[in-house]
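Taking it in order: structure first as structure tokens, then the write-up.
The values are calculated or read from the model by the stated rules, or taken from the named source; none is laboratory data. Since the structure is predicted, the reported quantities are computational estimates derived from the model, not experimental observations. No Cβ is skipped: glycine too gets one built from the backbone with ideal geometry, and neighbour counts run over all protein chains shown. Side chains included, ligands, DNA and RNA excluded: accessible areas come from the protein's heavy atoms. Shrake-Rupley method; radii C 1.70, N 1.55, O 1.52, S 1.80 Å.
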Amino acid sequence: MERVPILKIGDILLVSIQVDMSDQTAVALQEDLAERIVATGCHGVIIDITALDIVDSFVGRMLSTIASISRVLDAETVVVGMRPAVAITLVELGLSLNGIRTALNVERGMELIAAERDHDRHDEFDDGSDVEPTASP
Amino acid sequence: MTSGVDLSRPQAQTVGSDEDVVRVRQLVRTVAVAVKLSLVDQTKVVTAASELARNTLVYGGGGTVEVTAVDNGRRPGITIVFADSGPGIADLELALTDGYTTGGGLGLGLSGARRLVDDFDIQTAPGQGTRITITKWSR
Amino acid sequence: MALSTDESGRLADLLTSRVDRVIQRWTEVVGEQLRGRLSQAELLRQVQELHRALVDALGKGAVDLAAEEATELRAVLAELSRGQARQGFSATETATGVFALKDALLSAMEDDQSTRTLRDYVAFAAMVDQMGLFTFESYVHTREGLIADQAEQLLELSTPVVKLWEGVVAVPLVGTLDSARAQVVMERLLQTLVDTGSPYAIIDITGVPAVDTQVAQHILKTVVAARLMGADCIISGIRPQIAQTIVALGIEFGDIATKASLADALRHVLRLTGVESGRRQSRREA
Ligand SMILES: Nc1ncnc2c1ncn2[C@@H]1O[C@H](COP(=O)(O)OP(=O)(O)O)[C@@H](O)[C@H]1O
Ligand SMILES: [Mg+2]
């Protein structure tokens with residue numbers, strides 16, 4: 001079975017799907033990513049699907065699951081590069097990809113993650129100052 | 001990948017594994033390109049085929065897919081038949097409802113595939129297997 | 001109605017033994033009709049090619065045009081009709097080129113007055129009719145293709161997608177939007193988002209006199225597709241009647257941003273991007 005490579009670039013994990021994935025490959029990617037997020041401590045995941053010429057409900061569900069898992073592991077996922085024909089087809093298929101952030105390309109995806117992290121840092125800073133006195137058990 | 005497919009005859013592909021589903025997608029793409037479907041229509045029919053071939057594998061316990069280039073005299077098109085001798089579908093209306101699944105999927109395969117193609121025909125009964133025929137015409 | 005094997009053989013014989021007579025009369029009839037719009041040499045070439053293909057098919061044992069043995073003949077007929085259709089000959093002129101063979105056959109059979117000849121002629125004529133109808137259909141098919149191509153080119157010309165600003169593209173829709181055009185426009189809009197890397201699109205419908213359910217659905221689906229790709233759409237220029245139609249049709253525009261004019265929409269987008277970077281700035285400061 002083929003495996004989709006996961007690259008670490010700075011604080012971000014970049015997954016560029018280059019093959020027509022079998023369902024097994026998709027499931028393996030889901031598992032590999034969860035492990036890499038924990039192992040690297042990265043807070044952002046970019047999944048580049050520019051090369052995918054279709055997304056069906058199985059891959060759609062995989063993308064949603066990856067987004068949910070990474071959220072639990074405190075990482076933000078952005079899916080980038082969806083082709084127009086794929087998007088039009090997904091609308092007809094009835095797949096809404098709820099809870100998945102998307103961007104047009106890798107660059108925009110990085111911006112989105114950076115903005116999100118800024119936002120979080122800001123919140124943590126606020127929360128921190130409120131919570132600190134009672135933080136230790 | 002485009003070479004070696006004889007368009008004058010139906011192309012058959014057995015579906016017994018995940019990799020076979022990938023092969024079905026590739027075969028459907030090749031024929032869809034050959035009959036000059038638009039890019040969006042190619043994408044729609046390949047997506048529909050991916051959903052139905054997966055159902056053949058997962059629910060039908062495997063089967064066959066047959067892809068044919070067709071022409072109705074006015075326009076060319078592609079017809080695909082998915083056949084299995086699995087358990088069949090007892091309540092078809094329910095199975096065709098968005099979100100209905102017995103296998104923990106999204107329940108969009110059957111209903112979504114129907115929306116993605118021009119003709120959708122399904123023959124099934126409990127214990128009789130399932131046979132689905134879809135056609136997409138070039139615009 | 002198929003020829004019997006005997007009839008098929010006799011037709012082949014007639015066509016070969018009287019080849020000069022047949023070809024001469026055939027080109028004569030067609031030539032009269034086309035009145036010089038096809039050169040004599042080209043006309044002769046076409047007639048000879050058809051003659052050869054027909055004799056070949058009969059020789060192989062074809063008893064009608066649908067037969068396996070007539071594949072080559074069908075190809076020649078189809079190619080001929082395609083050529084005629086492209087050169088602007090009418091459907092009737094194209095089919096007449098084939099029907100003229102009846103005239104030619106009749107003149108070749110004139111000397112022989114037996115009843116078998118009459119029955120043969122009826123059978124041969126039926127074969128020619130099949131060929132004529134086939135030609136007619138191929139012709140129509142080609143014309144339809146040509147018209148569809150032209151319509152598509154027109155569509156593309158009439159639907160400009162423009163880059164308004166860094167990161168903002170717009171399509172000003174003008175004129176009646178039918179379903180086919182709406183679809184083309186929307187595909188082009190989505191492609192432009194990718195090509196220019198623009199996360200915002202403005203769909204301006206000021207110039208659209210009316211929308212029906214299908215067109216409204218196309219616009220809606222495009223907005224949803226753009227979102228899946230990571231871009232936001234704003235619809236501007238919805239006129240009062242169209243707003244009424246949309247509500248009357250029960251179409252939900254939901255949380256899609258709508259603005260009165262293209263300028264308002266652009267201002268809205270710039271404020272969005274401006275506020276965002278402003279917000280980011282203030283966060284960094286904090
Ligand atoms: N070939 C088949 N044989 C038997 N049951 C099927 C077949 N295809 C679909 N089904 C039934 O229809 C349901 C809906 O299928 P589908 O819409 O593809 O959703 P999903 O695959 O997500 O379950 C399946 O859960 C299954 O119960
Ligand atoms: Mg399914």
Checklist entry - Hey, does segment B:48-62 have a residue that's at the interface with chain A (Cβ under 9 Å from one of its Cβ atoms) and more than 16 Å from ligand 2 (Cβ to nearest atom)? => result no
Item to check | Positions within segment B:8-40 being within 29 Å of C:Glu187 (Cα to Cα) and more than 9 Å from every other protein chain (Cβ to nearest Cβ), in sequence order | outcome: B:Arg23, B:Val24, B:Leu27, B:Val28, B:Thr30, B:Val31, B:Ala32, B:Val33, B:Ala34, B:Val35, B:Lys36, B:Leu37
Next on the checklist: Of the conditions (1) out of contact with any Ser or Thr (no Cβ under 7 Å at 6 or more places or on another chain); (2) open to solvent by 60 Å² or more (accessible area, probe 1.4 Å); (3) away from every other protein chain (no Cβ under 14 Å), C:Phe253 satisfies every one except a single condition; which number is it?
Outcome noted: (2)
Checklist entry - For the subset of segment B:50-84 comprising residues that are acidic (Asp, Glu) and out of contact with any Lys or Arg (no Cβ under 9 Å at 6 or more places or on another chain), which member is nearest to ligand 1 (Cβ to nearest atom)? => result B:Glu51
Checklist entry - Do we find a residue being open to solvent by less than 10 Å² (accessible area, probe 1.4 Å) and in contact with a helix residue (DSSP H, G or I) (Cβ under 7 Å, 6 or more places away or on another chain) anywhere in segment B:1-18? => result yes
Checklist entry - Of all the strands (runs of 3 or more DSSP E) wholly in segment C:143-225, which have at least 1 residues that are modelled with pLDDT of 85 or more and touching a Phe, Trp or Tyr at 6+ places or on another chain (Cβ under 8 Å)? => result C:168-174
Checklist entry - What are the residues in segment A:26-56 that are touching an Asp or Glu at 6+ places or on another chain (Cβ under 6 Å) and within 14 Å of chain B (Cβ to nearest Cβ), if any? => result A:Asp56
Checklist entry - Restricting the search to segment B:111-122, which residues are within 11 Å of ligand 1 (Cβ to nearest atom) and open to solvent by 20 Å² or more (accessible area, probe 1.4 Å)? => result B:Arg114, B:Ile122
Item to check | segment A:94-110 - residue that is at the interface with chain C (Cβ under 7 Å from one of its Cβ atoms) and either outside any loop (DSSP other than H, G, I, E, B) or open to solvent by 70 Å² or more (accessible area, probe 1.4 Å) (or both) and, of those, modelled with the lowest pLDDT | outcome: A:Arg108
Checklist entry - Which of the residues spanning segment B:86-100 are exposed (fewer than 15 other Cβ atoms within 10 Å of the Cβ), in a loop (DSSP other than H, G, I, E, B) and at negative phi? => result B:Ala90, B:Asp91, B:Thr97, B:Asp98
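Name the one entry in A:Thr89, A:Thr50 that is modelled with pLDDT of 95 or more and farther than 22 Å from B:Gly109 by Cα.
From the options A:Thr89, A:Thr50, the qualifying one is A:Thr50.
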Next on the checklist: I'd like to check something: does segment B:70-84 contain any residue that is open to solvent by 50 Å² or more (accessible area, probe 1.4 Å) and either within 16 Å of ligand 2 (Cβ to nearest atom) or in a helix (DSSP H, G or I) (or both)?
Outcome noted: no
Checklist entry - What do you reckon, is A:Arg61 more than 8 Å from chain C (Cβ to nearest Cβ), among the basic types (Lys, Arg) and either within 16 Å of ligand 1 (Cβ to nearest atom) or touching a residue at least 60 places away in the same chain (Cβ under 8 Å) (or both)? => result yes
Item to check | Positions within segment B:85-102 being within 6 Å of ligand 1 (Cβ to nearest atom) and within 11 Å of chain A (Cβ to nearest Cβ), in sequence order | outcome: B:Thr101
Checklist entry - What tally of residues in segment B:103-139 results from selecting those that are within 13 Å of ligand 2 (Cβ to nearest atom) and among the small types (Gly, Ala, Ser)? => result 8
Item to check | segment B:123-139: number of residues that are part of a strand (DSSP E or B) and either open to solvent by 70 Å² or more (accessible area, probe 1.4 Å) or not aliphatic (A, V, I, L, M) (or both) | outcome: 8
